[in-house]
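The values are calculated or read from the model by the stated rules, or taken from the named source; none is laboratory data. In this text, all values refer to a predicted model and were calculated from it rather than measured experimentally. Heads up, the Cβs are rebuilt from the backbone with ideal geometry, glycines too, and the neighbour counts pull from every protein chain shown. Keep in mind that these areas ignore ligands, DNA and RNA; they rest on the heavy atoms of the full protein, side chains included. Shrake-Rupley method; radii C 1.70, N 1.55, O 1.52, S 1.80 Å.
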Amino acid sequence: MRKRKSKGKSKRSKPSKSSKASKAKTLEKFTKKASRRGKRAKRHETKRLEAKKRVLEKLRMLGEEVYVKLAHGEFPSLKIPSRSTSNIVYDPKLRQYVLGDKFFVRSARNIRHIRPLTQLIWVAYTASTLCKMDKTSTLRDIYYMAQADGIDFRDQQESDEVITELETVLGMPREEFNIFPEERSAIFGDLTIEYTVRNYRGVRVNLTMHPDGLVIGPTLTSAEFVKCNADKVIVIEKGAMFTRFVEEQVHKRFKAILIHTAGQPPRATRRLIRRLNVELELPVYVFVDGDPWGMHIAQVILSGSARAGHIPELATPDAQWAGVYASDIVRYKLPSDPLTKVDLKRLDELKRDPRYKGDLWQKEINTFLKIRRKSEQEAFSRYGLTFIVNKYLPKRLKELSRR
């Protein structure tokens with residue numbers, strides 16, 4: 001006969017001491033992690049609110065200065081730091097070019113100044129409104145918003161110029177008063193970030209999640225770096241080359257974070273490059289076209305631009321220019337085009353620019369002037385699609401690591 005099974009409750013085995021200890025340890029680890037995340041979020045929120053308070057106070061003081069003069073029956077005027085190249089000096093502490101102490105006065109007493117002064121005050125008012133409402137806008141948005149308020153800008157270039165002028169008056173970048181450029185650069189690599197902006201705070205993303213790379217916008221620029229498995233950053237001027245590098249898995253083969261600048265990199269991209277270099281101590285290599293314009297893209301990443309001389313912490317002085325050099329055109333017999341008159345004029349300007357006084361820069365400028373040819377990054381494809389990744393890149397990185 002079969003024995004009937006007992007209907008009584010089965011006795012559960014008691015958890016062992018080691019199992020209890022393991023659970024407690026996991027719980028403790030989870031609690032600590034959540035606590036760290038909470039503190040980090042709180043720290044970011046505090047910093048954001050302090051920055052907002054600082055901007056609003058500066059905008060209030062600007063408005064008050066104009067209002068008081070009007071109330072006293074005086075013509076309103078503003079002192080604006082000069083952004084001419086004669087007012088740009090090298091700051092050895094910041095290791096970048098900054099504005100000197102020259103300025104000019106824009107006064108409503110002068111009929112030619114009334115228009116730009118009015119535009120500047122309107123932009124300041126708009127910036128204040130954006131900050132108070134916790135909204136952001138783009139340079140393009142601002143141009144169209146002005147039309148709605150009856151403020152006349154000839155084109156977006158004029159409104160961009162006035163926004164830059166407001167930056168110099170306030171002594172802070174436009175991103176601080178919530179005006180951003182159009183996003184066009186991208187980033188790809190084994191770096192996990194955590195967003196700090198409202199509605200996405202605490203969300204983590206690995207930058208290999210999208211094969212086209214993630215767009216570098218204000219939310220990505222301000223994100224926390226959580227985990228990084230890369231040991232270098234490769235900055236690339238051209239989109240086609242960026243895509244090639246992703247396809248050839250350069251991020252894995254060279255443990256690199258890849259950044260596509262799409263020409264001259266926007267400020268958000270330059271700020272991100274600097275953060276990767278300073279905060280994660282990653283060396284940065286800048287790979288651009290072999291022509292004077294490519295050289296200048298690399299130089300702006302290294303030492304800043306004259307137009308943004310009033311904004312600190314955009315340059316990455318320890319970055320290295322990785323080519324395409326003029327000497328590469330000769331060494332690799334690259335397909336090339338003749339330099340135009342505009343190219344040659346630009347090379348003459350660069351030759352005299354103090355940022356280009358280093359031996360490498362001078363040597364390559366002289367080679368460009370001698371061979372009078374230029375090449376694009378894609379020219380390496382004459383030796384096959386993978387030549388640049390299999391041959392050129394490892395050789396160049398090895399050369400640069402010895403400098």
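Stokes-Einstein diffusion coefficient for the stretch 258-396 at 4 °C in a medium of 1.567 mPa s, Rh from the Kirkwood formula over Cα pairs: what value in µm²/s? Please report the intermediate quantities before stating the final value.
Values: Rh = 15.7 Å.
Answer, rounded: 83 µm²/s.
Using C-alpha pairs below 8 Å separated by at least 6 residues, the relative contact order for the stretch 295-340 is 32 percent. Largest first, the residues R95, R403, R54 sort by 1.4 Å accessible area into R403, R54, R95.
K102 contributes an accessible area of around 100 Å² to the protein surface, as traced by a 1.4 Å probe with all chains present. Between A71 and Q249, the simple spin-label model (points 7 angstrom out along Cα→Cβ) gives 6.9 nm. The fraction of accessible area contributed by carbon and sulfur in the stretch 197-312 is 52 percent, rounded to a whole number (1.4 Å probe; ligands and nucleic acids excluded).
Ranking F103, F387 by solvent-accessible area of protein heavy atoms (1.4 Å probe, all protein chains present), from largest to smallest, gives F103, F387.
Summing Lys and Arg as +1 and Asp and Glu as -1 over all other residues whose Cβ lies under 10 Å from the Cβ of P76 gives a net charge of +1. Under 5 Å between amide hydrogens, built in the peptide plane, is the criterion, and for T138 it picks out F180 among residues at least 5 positions away or on other chains.
In a reduced charge model with +1 at each Lys and Arg Cβ and -1 at each Asp and Glu Cβ, the stretch 237-321 shows a dipole moment near 200 debye about its Cα centre.
Averaging Cα coordinates gives a centre for the stretch 134-180 and one for the stretch 342-392; these two points are 36 Å apart.
What does the convex hull of the Cα atoms of the chain come to per residue, in Å³, rounded to a whole number? Walk me through the numbers on the way to the answer.
On the way: hull volume 102.0 nm³, N = 403.
Cα convex hull per residue, to the nearest whole number: 253 Å³.
Between the amide H of H310 and those of L99, distances stay under 5 Å, these residues lying 5 or more places away or on another chain, with hydrogens modeled in the peptide plane. Label sites at D91 and D359, each approximated as a point 7 angstrom past Cα along Cα to Cβ, lie 3.0 nm apart.
Give the calculated FRET efficiency between K395 and N366 to the nearest 0.05, with a Förster radius of 30 Å applied to their Cβ-Cβ distance.
Once rounded, the FRET efficiency stands at 0.85.
Phi-derived couplings, Karplus 6.51 cos²θ - 1.76 cosθ + 1.60 at θ = phi - 60°, listed residue by residue for the stretch 182-196: 5, 7, 9, 7, 9, 9, 8, x, 7, 10, 9, 10, 10, 5, 10 Hz, with x used for Gly and Pro.
Distances between placed amide hydrogens fall under 5 Å for Q320 paired with V284, Y285, V286, all partners being 5 or more residues away or on another chain. With both residues required to sit in the chain, DSSP beta bridges show an antiparallel share near 65%. Using a probe of 1.4 Å, the accessible surface attributed to V342 totals some 90 Å² when neighbouring protein chains are kept in position.
Grab the alpha carbons of the stretch 199-263, take their convex hull, and tell me the volume per residue in Å³.
On the way: hull volume 6.0 nm³, N = 65.
Given the Cα convex hull of the stretch 199-263, per-residue volume reads 92 Å³.
Model label points for K39 and N199, set 7 angstrom from Cα along the Cα-to-Cβ axis, are 3.0 nm apart.
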